[in-house]
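One structure is given below, encoded as structure tokens.
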Amino acid sequence: MPRCARSPRSSTRAASSAGSTTRRSRAAAASRDADNLGAVLVAELELRGPSRLDWFERTWLSGTGRSLPELQAALQALSVQGGADAAVPRARVVGAYRGFVRSGHALAGYPALDLLSWRAWDAVPDYVALLRARTPQHPASVYAILAYLDGAPRPVAALSSRP
């Protein structure tokens, strides 16, 4: 049986939904309102896909004074998208996480447990460098980073830990 083409009506609704989430995410960014922010950002990434990730990183992860709830909502949105590995490919989420780790934010360890569960070892050198630089980290971040590094394949971790 042939697949039905998407009706013009459903395409219009999808475009309207995408526009609505974009307006909401921009309004949240401007007002610094974290209420429902995680859900709005998940929807924004789901509807806009990887093309929206650069804006997302600049707006939410660049370390420009975002509040802790805003930052947690943004990282949770990436976690949801990376876990689904659909609208935004996991590899792109891993790249966004690595950029956040390299920023040296006190919560840079937040993504480590996602990276561990996905067995995404690309961030090992970033975390080793972060620890070597003695960048102040939240205690929970340090725990997550150490768990990630402990779970990494030994040859990868050994290469990254050399001076």
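So which residues in the stretch 99-122 are surrounded by fewer than 19 Cβ atoms within 10 Å (Cβ to Cβ) and not hydrophobic (A, V, I, L, M, F, W, C)?
Listed by number, the residues that qualify are G99, R102, S103, G104, S117, R119, D122.
If you check T64, T12, T22, which single one turns out to be under 30 Å from S141 (Cβ atoms) and at pLDDT below 90? Steps first, please.
Details: T12 fails: under 30 Å from S141 (Cβ atoms); T22 fails: under 30 Å from S141 (Cβ atoms).
Just one listed residue meets the conditions, T64.
Have a look at G38, G65, G83 and point out the one that is more than 24 Å from S117 (Cβ to Cβ) and not assigned by TED's automatic domain parsing to the domain that holds L113.
Details: G38 fails: more than 24 Å from S117 (Cβ to Cβ); G83 fails: more than 24 Å from S117 (Cβ to Cβ).
Only one candidate passes the filter, namely G65.
Out of (1) surrounded by fewer than 22 Cβ atoms within 10 Å (Cβ to Cβ); (2) part of a helix (DSSP H, G or I), the odd one out for Y127 is which?
(1)
Which members of the stretch 130-151 meet the condition of being outside any helix (DSSP H, G or I) and of a type outside the set (K, R)? Step through it out loud before you land on a result.
Residues of the stretch 130-151 outside any helix (DSSP H, G or I): 133-138.
Those that are outside any helix (DSSP H, G or I) and of a type outside the set (K, R): A133, T135, P136, Q137, H138.
Please determine whether any residue of the stretch 86-99 is among the hydrophobic types (A, V, I, L, M, F, W, C), over 21 Å from R52 (Cβ atoms) and either at pLDDT below 95 or under 16 Å from the mean Cα position of the chain (by Cα) (or both).
No, there is no match, as no residue in the stretch 86-99 is among the hydrophobic types (A, V, I, L, M, F, W, C), over 21 Å from R52 (Cβ atoms) and either at pLDDT below 95 or under 16 Å from the mean Cα position of the chain (by Cα) (or both).
Return the residues of the stretch 64-78 that are in a loop (DSSP other than H, G, I, E, B) and surrounded by fewer than 16 Cβ atoms within 10 Å (Cβ to Cβ); say none if nothing qualifies. Step through it out loud before you land on a result.
Here is the first cut: in the stretch 64-78, the residues in a loop (DSSP other than H, G, I, E, B) are 64-67.
Matches in the stretch 64-78: T64, G65, S67.
The values are calculated or read from the model by the stated rules, or taken from the named source; none is laboratory data. Keep in mind the model is a prediction, meaning the values are calculated, not measured. A quick note on method: Cβ atoms are made from the backbone with ideal geometry, for glycine too, and the neighbour counts reach across all protein chains shown.
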